[in-house]
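Take a look at the structure below.
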Amino acid sequence: MQTTLKKAGELSAAKADLVVVFVGSGDGDLDAPAAAADAALGGLLSAARADGEISGKPGSLTVLHTGGRMGAPRVAVAGVGEGSVDDWRAAGRAAGSRARELKAGTVALAAGDADADRVTAAVVGVEAGAYRFLRYRTGEAGKRPPVKALHVVGGGASAAQVKRASNLATAVSAARVLADTPSNDMTPTALAARAEALAAGIPGLEVQILGPRELTRLKAGALLGVAKGSAEPPRMIVLRYTPAKRRRGSAGEVLGLVGKAVTFDTGGISIKPSGGMEEMKLDMAGGAAVVEAMGLIAQSGIPLGVVGVVPSTENMPSGTATKPGDVVTAMNGRTIEVINTDAEGRLILADALCYATSKAKATRLIDFATLTGAIVVALGEVYAGLFGSDAEWTEAVRAAGEAAGDLCWPMPLHDGYRGLIESKVADLSNSSNKRQAGAVYAAQFLREFTDGRPWCHVDIAGTGMINGAGTGFGVGLMLNAAEALAAR
Ligand code: BES
Ligand code: MN
Ligand code: ZN
């Protein structure tokens, strides 16, 4: 989808197949674009509203035929409730989904004087609502998506802000495609190839792919231990973005973004039950979000050094797999007793966090991981679990997520939880047989590998994958967090 800004008054020139106007709940006056549509339609819109057919509820949508009266065959009236940014995102989502069903190739958003945050939310919403994963549907796979062009008509957002929204929407969809692609095609090698292709097209973005040989030399025994059971070789994907110019205030800061990319998680020898196991192709959603966010951040030219570190492997049971009770040694020399081979995410993240601080020189960190079923039990699909070692950084990350619609709820860390990660045999254990505080325990484990730097862990097991499909959760959060850090 191409998104461009048109000046107000260019609505009919936009030659859209579908014009979207926005209406709030309650019976206040219509905003200018909706009022203009109402006038063009001889009062049809306000009549439908008076009858309650147009409620203005967030996410509600009513399509009216214009009879050619507005320079477009149809107008969609999208509810924005009280007018929050989230409401605008929901309205965009509903419009995108309907535009796709209507095969509307060109969609115009009559945004009026809505501000950049609302326009961004609507654009991201349209792209998300129109998204379908069709690569494996014979006959549909090669076709261009039905919604090809999106025009933003209005004066509240600048061309640069619309461009930013367009790039963000595209990156979110790209992360969803990576996550949705089945594991026989989305191997660690394939994910690395995507990172290489991204870096090749964006100045200032460099990629380095570490394979088994390099990982052995680095003593990344935790990642190698998980990969041992698989015929697919592991990869540590490192993306480095160096801006053309840095801001004074952010000099010296390097933001480290780490994402779990287990391209398929069978559980290993501690094998998972077969029901629903196909969803474990999505266990690389965090890594996918980091790869695409790195492309987006580099493309945006943010004046801040950013490094992305994505450990990628399959987790398979086999004659060469790590077994319960085996001990592995992470890059920082700490030994880990592998009690449960299904707690593999924290193992590969341990080495990735070590790499991010010691080799890539990240000064502060955020990691994204579909890490625990426990966070799904605690928070469901609405909020991700947010853990942090530094109150100020944690609040900055939470706020960056909220603005993007990537909602995060603060969860605790405390030395009182350390007992759970102790091992009788090694420095640490990767799992406890006590069925308590599973998500906290995982976070407490990761903290051991962050070298005391400001760090946040975002457990996206519930929000990164919904109904067996990727959501692109985290891409918007990372863009906002990088911009905010660069600006301070
Ligand atoms: N990838 C899973 C977590 C997960 C579960 C993601 C459900 C999405 C939906 C992770 O590797 C895992 O298996 N975690 C275990 C940890 C346990 C063995 C300590 C879990 O949550 O059960
Ligand atoms: Mn697992
Ligand atoms: Zn996993």
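So which pairs qualify, if the first residue must be in the stretch 436-447 and under 17 Å from residue 332 (Cα atoms) and at pLDDT 95 or above, the second must be open to solvent by less than 10 Å² (accessible area, probe 1.4 Å) and within 16 Å of ligand 3 (Cβ to nearest atom), the Cβ gap must be under 6 Å, and the two must be at least 6 apart or on different chains?
Listed by first residue and then by second, the contacts come to 446/349; 446/457.
Considering only residues that are modelled with pLDDT of 95 or more and part of a loop (DSSP other than H, G, I, E, B), which ones fall in the stretch 460-488?
Correct list: 460, 461, 462, 463, 464, 467, 468, 471, 472, 473, 474.
Considering only the stretch 278-299, how many residues are open to solvent by 10 Å² or more (accessible area, probe 1.4 Å) and within 11 Å of ligand 2 (Cβ to nearest atom)?
Residues meeting the conditions: 1.
With out of contact with any strand residue (DSSP E or B) (no Cβ under 7 Å at 6 or more places or on another chain) and within 16 Å of ligand 2 (Cβ to nearest atom) as the only criterion, which of 311, 273, 303 stands out?
So the residue among 311, 273, 303 that is out of contact with any strand residue (DSSP E or B) (no Cβ under 7 Å at 6 or more places or on another chain) and within 16 Å of ligand 2 (Cβ to nearest atom) is 273.
Across the stretch 367-391, which residue is farthest from residue 280 (Cα to Cα) among those that are surrounded by fewer than 24 Cβ atoms within 10 Å (Cβ to Cβ), within 11 Å of ligand 1 (Cβ to nearest atom) and of a type in the set (Val, Ile, Thr)?
377
With respect to residue 122, determine if the residue is open to solvent by less than 30 Å² (accessible area, probe 1.4 Å) and more than 25 Å from residue 168 (Cβ to Cβ).
The answer is no for residue 122.
Go through (1) touching an Asp or Glu at 6+ places or on another chain (Cβ under 9 Å); (2) over 18 Å from residue 387 (Cα atoms); (3) within 13 Å of ligand 1 (Cβ to nearest atom) for residue 442 and report which single condition fails.
(2)
If I filter the stretch 412-427 for residues that are open to solvent by 10 Å² or more (accessible area, probe 1.4 Å), more than 16 Å from ligand 1 (Cβ to nearest atom) and either under 13 Å from residue 365 (Cα atoms) or not assigned by TED's automatic domain parsing to the domain that holds residue 340 (or both), do I get at least one hit?
Within the stretch 412-427, not a single residue is open to solvent by 10 Å² or more (accessible area, probe 1.4 Å), more than 16 Å from ligand 1 (Cβ to nearest atom) and either under 13 Å from residue 365 (Cα atoms) or not assigned by TED's automatic domain parsing to the domain that holds residue 340 (or both).
Of everything in the stretch 282-294, what is in contact with a strand residue (DSSP E or B) (Cβ under 9 Å, 6 or more places away or on another chain) and either more than 26 Å from residue 365 (Cβ to Cβ) or away from ligand 3 (no atom under 16 Å from the Cβ) (or both)? Give them in sequence order.
Across the stretch 282-294, the qualifying residues are 291, 293, 294.
I need the full set of residues from the stretch 65-87 which are crowded, with 20+ Cβ neighbours inside 10 Å and over 23 Å from residue 124 (Cβ atoms), in order please.
70
Only one of these is buried (at least 18 other Cβ atoms within 10 Å of the Cβ), more than 19 Å from the chain's Cα centre (by Cα), aliphatic (A, V, I, L, M) and in the same structural domain as residue 347 (by TED's automatic domain parsing): 215, 198. Name it.
Answer to the check: 215.
Right, residue 267: buried (at least 20 other Cβ atoms within 10 Å of the Cβ), within 13 Å of ligand 1 (Cβ to nearest atom) and under 24 Å from residue 421 (Cβ atoms) or not?
no
Which of the residues that make up the stretch 328-344 are surrounded by fewer than 17 Cβ atoms within 10 Å (Cβ to Cβ) and either in a strand (DSSP E or B) or within 30 Å of the chain's Cα centre (by Cα) (or both)?
335, 340
Residues to consider are 113, 31, 87, 17; find the one that is more than 30 Å from residue 403 (Cα to Cα) and assigned by TED's automatic domain parsing to the domain that holds residue 150.
17
Looking at the stretch 345-366, can you tell me whether even one residue there is assigned by TED's automatic domain parsing to the domain that holds residue 470, within 16 Å of ligand 1 (Cβ to nearest atom), among the acidic types (Asp, Glu) and not in a helix (DSSP H, G or I)?
Checked the stretch 345-366: no residue is assigned by TED's automatic domain parsing to the domain that holds residue 470, within 16 Å of ligand 1 (Cβ to nearest atom), among the acidic types (Asp, Glu) and not in a helix (DSSP H, G or I).
Within the bounds of the stretch 148-167, is there any residue that is open to solvent by less than 30 Å² (accessible area, probe 1.4 Å), of a type in the set (D, E, K, R) and not in a strand (DSSP E or B)?
no
Mind listing whichever residues of the stretch 354-371 are of a type in the set (A, V, I, L, M, F, W, C) and either closer than 20 Å to residue 464 by Cα or within 12 Å of ligand 2 (Cβ to nearest atom) (or both)?
365, 366, 368, 369, 371
This table checks each residue for (1) away from ligand 3 (no atom under 16 Å from the Cβ); (2) touching a Lys or Arg at 6+ places or on another chain (Cβ under 6 Å).
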position	(1), (2)
269	no, yes
275	yes, no
279	no, no
296	yes, no
302	yes, no
311	no, no
322	no, yes
331	yes, yes
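So residue 250 ticks every box in (1) open to solvent by less than 50 Å² (accessible area, probe 1.4 Å); (2) modelled with pLDDT under 95; (3) over 26 Å from the mean Cα position of the chain (by Cα) but one. Which box is left unticked?
Unmet condition: (3).
The values are calculated or read from the model by the stated rules, or taken from the named source; none is laboratory data. Given the structure is predicted, the values throughout are model-derived calculations rather than measurements. All Cβ positions, glycine included, derive from the backbone under ideal geometry; neighbour counts span all protein chains shown. Protein only, heavy atoms only, side chains kept; ligands, DNA and RNA dropped before computing areas. Shrake-Rupley method; radii C 1.70, N 1.55, O 1.52, S 1.80 Å.
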